[in-house]
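Visitor: Have a look at this one before I ask anything.
The values are calculated or read from the model by the stated rules, or taken from the named source; none is laboratory data. Note that the structure is a prediction, hence the values are computed from the model and not measured. Ideal geometry is used to build each Cβ from the backbone, glycine not excepted, and the neighbour counts take in all protein chains shown. For accessibility, only protein heavy atoms count, side chains too; no ligands or nucleic acids. Shrake-Rupley method; radii C 1.70, N 1.55, O 1.52, S 1.80 Å.
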Protein chains: 2
Amino acid sequence: MIEGKSYIGSQLIAEGDIKVKTFNPELNEDNPWVFTEATALEIDKAVTLADEAFATYKDYSGERKASFLNAIADEIVALGDQLLEVYTKESGLPRGRAEGERGRTIGQLRAFAEMLLEGSWVDAVIDTAIPERQPFPRVDLRKMNVPLGPVVVFGSSNFPFAFSTAGGDTASALAAGCPVIVKSHSMHVGTGELVASAVIRAAKKTNMPEGVFSNLIGSGRTLGTALVAHPKVKAVGFTGSIAGGRALFDLAAKRPEPIPVFAEMGSINPVVILPKASEMNSKKWATAYAGSITMGTGQFCTNPGLIIGVKSDSLKRFTEELSQEISKINPTCMLHHSIKNNFDKGRDLLMSQENVEVIAKYNEDINPNYAAQTVLTVSGKTFLENKTLSEEVFGPFSVIVQCENEDELITVIKALDGQLTGTILSEGDEINEYSNVISALQNRVGRLIFNGVPTGVEVCPAMLHGGPYPASSDSRFTAVGINSVKRWVRPVSFQDWPNSLLPKELQNENQLGISRMVNNTVTTLPIE
Amino acid sequence: MIEGKSYIGSQLIAEGDIKVKTFNPELNEDNPWVFTEATALEIDKAVTLADEAFATYKDYSGERKASFLNAIADEIVALGDQLLEVYTKESGLPRGRAEGERGRTIGQLRAFAEMLLEGSWVDAVIDTAIPERQPFPRVDLRKMNVPLGPVVVFGSSNFPFAFSTAGGDTASALAAGCPVIVKSHSMHVGTGELVASAVIRAAKKTNMPEGVFSNLIGSGRTLGTALVAHPKVKAVGFTGSIAGGRALFDLAAKRPEPIPVFAEMGSINPVVILPKASEMNSKKWATAYAGSITMGTGQFCTNPGLIIGVKSDSLKRFTEELSQEISKINPTCMLHHSIKNNFDKGRDLLMSQENVEVIAKYNEDINPNYAAQTVLTVSGKTFLENKTLSEEVFGPFSVIVQCENEDELITVIKALDGQLTGTILSEGDEINEYSNVISALQNRVGRLIFNGVPTGVEVCPAMLHGGPYPASSDSRFTAVGINSVKRWVRPVSFQDWPNSLLPKELQNENQLGISRMVNNTVTTLPIE
């Protein structure tokens, strides 16, 4: 049952007066549930509880935190069909997607649990004492990662499970040892409440401290601002728009004590199609990209919004084939009427620019919240002269840039803002002649893809989901994969600390059997 | 010979009109050399050259970058006595310190060279493809660290070698693959120029690209601001005051593309003396702390500016003994008359607060730029009520806080800003009763020290030199040790990338023999 209330720690509380609803885009009507926004007092209570929980939770063993994360996964599964139904009603996404995303979310939680049980993620480094060193003895120094403190998580609209209430940011922060306060995304507050209930049940079953997790209902302007400005909050995770992410980044930077904000924001994910790729495989790539552009109604941060090539007959053919293939696809629902409105506005703005040719636009009558996939083409010169053409249009939309030559293609790449991904489509040996293109592209992106599509983000240690600004607010971190835990930890050194008082990870015995760098050598052995 | 000019890449240029000199604090007079501040055009030229150099330097092998760093060390040694003389004239620090610090600086450069030759610092992570995985095949993903781009380094006043022109920030950034533009510290511009000449000679001898290093003369307000705001600058390293570091941090955060600033700033390095430590070892600790407080005229960022204990006869005895011991020490020279003035101002401000008792103050006539070591004591209550008492006084100065009981001691610790270090002095088993004290202290610091002094920063992998704000602007990084390279790199993932086009670090063969995480296992073996 949906209560319409915030979880302040384990308590469902709703003292406020502001009521909100969520929206069913398939039916184009509000959902029945009524939610109450958190009050200033409730917000402060949640953060205070998180700060109190931190005092104990920060020192919990990996095993104990792993049991919590696994219990969250179990409790999410236990919510069964009800959860999937609320998800589809609040997102317009199909049931299959809900199931797949739930699987991914559970997989993420379990991956962090495994990471905790293995234990080496703390990056233990030990340099033992050298009492006889001249002119001064060397002290004993031992370093490992410890959690930063309470983390605020802003879920994304387009992943109500995997990048939201108990998504990657929450899982990684809880794994680090940081209590989490979620700002529930206003488009799926019901889904968020159900997932939060699973987290709270898991916390109780595994005896976590009160306040280790809260889930607050409210707007970005009031709730979001209050959370990021709160002195007891020590870091922020965000997935969403550039405007939203930048506002939080600016707010955090202005605090008396600035705190890190990891914001994963906009990206148009450039794809470079090299001459032979379009010559020999235009149909294959046209089909693949028609699918990638429209997948999930184009509502992925890795959606390919820009395809760049050098003018040729084969690039023209690829353009035509992509137009044909994408026109065959039936439009699908967007997450919310406001997202659909933004899509229309953004698309219309780019279509209305000078020297733009519309090569595909789905024109039949469709449900008001369905998006009509659209592909434009422009010359390299036009693209370079008009910054508007490189703005992200969130949805099934892409621009094909036809450059005069390789030099212009490189200029186009260099002019791009930072991106999550960059893709090269190439055939045979031609790639060897384009090292300057690769070098320029690598400079702008977090992930390089060869002969593939950017949609589809594998959750594994080697994944980098982030990139130069504005793809993310700090290109040194990733939002996906177990290394995303590094956003929420800082190293602490212990100098000449008594062995028995050290965290287990740094004790001579290495009871946990973790990998440690001891006197410059990686080893799992104890120290004699 | 000192030319008085900036190095714009390898060119000594001085087109500007603004002339400055450095100051000899021992003689209380200006040094003879005249330096010309860089012009706006020269600044832009240096950054543009750095950006151009980045295009090739970023891909240089570890071996090639190591030869550059080792050559810098060699060239610094080759400067011989002349360098040490200019250092002492511009800093007032004794010859022995100059030699020691030069050794440390060379050691740092060689440590990064070794790190590069070993190669595992790139944190290579590889997840190989699983084509048969259901429902979707798993792609091949390989991740490693790549450099951010041109880095601006602001040297510190108190380490003209080790944290300046070719100090830790420069060495780590060059090791990462980032060209460096140094803002020469205005107090030791001559020392900076000589060290820069060594870097430039090393760059030529090892065929580094023009612009890989520049050394600019100018003020923080004009040169510093221009550098941090320059769109081609991608990161900033700073060591100095909170006001200076925060100004750069704010400037960088406001850029259209925000960039990371690692600023190592103020710290008063709290020391907790537990009851038995003062009871049984008051003389030993009084002597050690008299030395630590006055070492280098107190001009270390790890100088112990705060000693906290619980009121007792033995704490009183420790206070008296510290007073006696510190009074025996002959005052020494500060780096600059402005630093001496700030010391006097800060000390007088704290001495003038209500309910403060001065327990030691060197009162004899001394050279105008020598600092009279001073120790105050206050009650815990007074300290908690008056934030001014926790302000850093840069120099030989410390405040002893006498708390009513353990609770007040913990309250005092919790009220502190972030610190580089926190020290516990303890005797026998008593430490086991103070886990709450340790926990509170750990929350506020980057390094915990047991039964020692905070001065003395070992350069080794397990060192953490940084800490919660304002000890540093980002507690997730260190300024000392080879891990300081992580400030200047970001991971990039390669998806399904052809083996021959991958960086050597990620190729199947692992020709470099580095440690890599391959399918969740750390190994140096090639991939079959």
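Visitor: Please state, rounded to one decimal and in Å, the Kirkwood hydrodynamic radius that chain A gives when every pair of distinct Cα atoms enters the mean of 1/r.
Guide: Evaluated over chain A, this radius sits at 24.5 Å.
Visitor: If you don't mind, another one. Under a plain spin-label model, where a point goes 7 Å from the Cα along Cα-to-Cβ, how far apart in nm are B:ASN207 and A:SER219?
Guide: About 6.3 nm, to one decimal.
Visitor: Just reorder B:VAL358, B:VAL152, B:VAL139 by solvent-accessible area, largest first, 1.4 Å probe, all chains present.
Guide: Per-residue accessible area, sorted high to low, gives B:VAL358, B:VAL139, B:VAL152.
Visitor: Still on this model: Axis carrying A onto B: which residue of A has the nearest Cβ, and how far, whole Å?
Guide: Axis-proximal residue of A, distance in whole Å: A:ALA253, 2.
Visitor: Still on this structure, I have one more. What gaps in nm, shortest first, separate A:ASN386 from its twins in the other copies when you place the label 7 Å past Cα toward the beta carbon?
Guide: Counterpart label points of A:ASN386 in the remaining copies fall at 6.7 nm.
Visitor: Counting partner chain Cβ atoms within 10 Å of every residue's Cβ in A:466-473, what's the average?
Guide: That average works out to 3.
Visitor: So, one more: What dipole magnitude, in Debye to the nearest 20, does the protein assembly as shown give about its Cα centre under +1 on Lys/Arg Cβ and -1 on Asp/Glu Cβ?
Guide: It comes to approximately 20 debye.
Visitor: Counting heavy atoms of the protein chains only and a 1.4 Å probe, report the per residue accessible area for the range A:270-450 as a whole number of Å².
Guide: 39
Visitor: Based on the Cβ-Cβ distance of A:ASN363 and A:GLU433, what FRET efficiency does E = 1/(1 + (r/R0)^6) give at R0 = 51 Å, to the nearest 0.05?
Guide: Efficiency, from the Cβ-Cβ distance: 0.80.
Visitor: Taking 0.36 nm per residue of separation and subtracting the Cα-Cα distance, what length does fully extending B:VAL77 through B:LYS283 add?
Guide: This chain segment gains 70.1 nm when fully extended.
Visitor: Follow-up question, since we're still on this one. Show me the three semi-axes of the equivalent ellipsoid for the range A:296-360, from the C-alpha gyration tensor (sqrt of 5 times each eigenvalue), largest first, rounded to whole Å.
Guide: The answer is 24, 15, 11 Å, longest axis first.
Visitor: Which value, in Å to one decimal place, does the Kirkwood hydrodynamic radius take for the protein assembly as shown when every pair of different Cα atoms is included?
Guide: 30.3
Visitor: Work out the length of the dipole vector of chain B about its Cα centre, built from +1 on the beta-carbon of each Lys and Arg and -1 on the beta-carbon of each Asp and Glu, and round it to the nearest 20 debye.
Guide: Computed about the Cα centre, the dipole is about 760 debye.
Visitor: Which percent of the Cα-Cα distances in the range B:270-450 go past 19 Å?
Guide: Roughly 54 percent, once rounded to a whole number.
Visitor: For the range B:399-528, evaluate the Debye formula with one uniform point scatterer on each Cα (no solvent term) and list log10 I(q)/I(0) at q = 0.14, 0.20 Å⁻¹, rounded to two decimals.
Guide: Reported log10 I(q)/I(0), two decimals: -0.79, -1.16.
Visitor: Once you keep just the Cα pairs under 8 angstrom separated by 6 or more residues, what percentage relative contact order results for chain A?
Guide: Relative contact order for chain A comes out at 17 percent.
Visitor: Of the peptides A:13-24, B:38-49, how do they stack up when ordered by the mean number of other Cβ atoms within 10 Å, highest first?
Guide: Averaged packing, sorted descending, gives the order B:38-49, A:13-24.
Visitor: OK, next. How high is the relative contact order of the range B:270-450, in percent, with contacts defined as C-alpha pairs under 8 Å that are six or more residues apart?
Guide: 29
Visitor: Roughly speaking, what is the stretch gain from A:GLU320 to A:LYS276, that is 0.36 nm per residue apart minus the C-alpha to C-alpha distance, in nm to one decimal?
Guide: Full extension of this stretch gives 14.2 nm more.
Visitor: Can you give the accessible area buried between chains A and B, summed over both chains, with a 1.4 Å probe, in Å² to the nearest 100?
Guide: Approximately 5600 Å², summed over both chains.
Visitor: What is the Cα centroid distance between the range A:1-54 and the range A:152-174, reported in whole angstrom?
Guide: So the two Cα centres are separated by 16 Å.
Visitor: Now for a separate question. Computed over the Cα atoms, what is the radius of gyration of the range B:366-416 divided by 2.2 N^0.38 Å, N being its residue count?
Guide: Relative to the rule-of-thumb radius for its length, the range B:366-416 sits at 1.35.
Visitor: Measure out, as a whole number of angstrom, how far apart the alpha-carbon centroids of the range A:454-528 and the range B:227-286 sit.
Guide: 23
Visitor: So who's got an amide H within less than 5 Å of the one on B:ILE400, skipping anything under 5 residues away but keeping other chains? H placed 1.01 Å off N, in plane.
Guide: It is B:ILE307, B:LEU376, B:THR377, B:VAL378, by chain and number.
Visitor: In terms of modelled amide H atoms, which long-range or inter-chain residues lie less than 5 Å from the amide H of B:ILE181?
Guide: B:VAL151, B:VAL152, B:VAL153, B:SER214
Visitor: Sticking with this one: From the label point of B:SER500, set 7 Å from Cα along Cα→Cβ, how far away are the matching label points in the other copies, in nm, ordered shortest to longest?
Guide: 6.3
Visitor: Output the relative contact order of the range B:339-390, whole-number percent, from Cα pairs under 8 angstrom with separation of 6+ residues.
Guide: 36
Visitor: Report, in listed order, any pair from B:LYS21/B:LYS340; B:LYS283/B:LYS361; A:LYS183/A:LYS204; A:LYS89/A:LYS234; A:LYS89/A:LYS254 with a Cα-Cα distance greater than 27 Å.
Guide: In this structure, A:LYS89/A:LYS234; A:LYS89/A:LYS254 exceed 27 Å between Cα atoms.
Visitor: Among bridges DSSP assigns within chain B, what percent are antiparallel (round to 5)?
Guide: Taking every DSSP beta bridge within chain B, about 40 percent pair in antiparallel fashion.
Visitor: For A:GLN11, go 7 angstrom from Cα along the Cα-to-Cβ vector, then report the distances to that same point in the other copies in nm, smallest first.
Guide: Once sorted, the set of distances for A:GLN11 reads 7.0 nm.
Visitor: Find how many whole Å separate the alpha carbon centroid of the range A:362-411 from the alpha carbon centroid of the range B:68-119.
Guide: Cα centroid of the range B:68-119 versus Cα centroid of the range A:362-411: 54 Å apart.
Visitor: Out of all DSSP beta bridges in the range A:270-450, what portion is antiparallel? Express it as a percent rounded to 5.
Guide: For the range A:270-450, the DSSP antiparallel bridge percentage is about 20.
Visitor: Net charge near B:ALA288, counting Lys/Arg +1 and Asp/Glu -1 over other residues with Cβ under 12 Å of its Cβ?
Guide: Net local charge, B:ALA288 excluded: 0.
Visitor: Taking the Cβ-Cβ separation of A:ALA415 and A:MET351 as r and a Förster radius of 25 Å, what is the calculated FRET efficiency to the nearest 0.05?
Guide: 0.75
Visitor: Across the residues of B:140-146, average count of Cβ atoms on other protein chains within 10 Å?
Guide: 4
Visitor: Quick check: net charge around B:THR524, other residues with Cβ under 15 Å of its Cβ, Lys/Arg +1 and Asp/Glu -1?
Guide: With Lys, Arg at +1 and Asp, Glu at -1, the net is -3.
Visitor: Between A:ARG133 and B:THR388, how high is the FRET efficiency from 1/(1 + (r/R0)^6) when r is the Cβ-Cβ distance and R₀ = 41 Å? Nearest 0.05.
Guide: Taking R0 as 41 Å, the efficiency between A:ARG133 and B:THR388 is 0.50.
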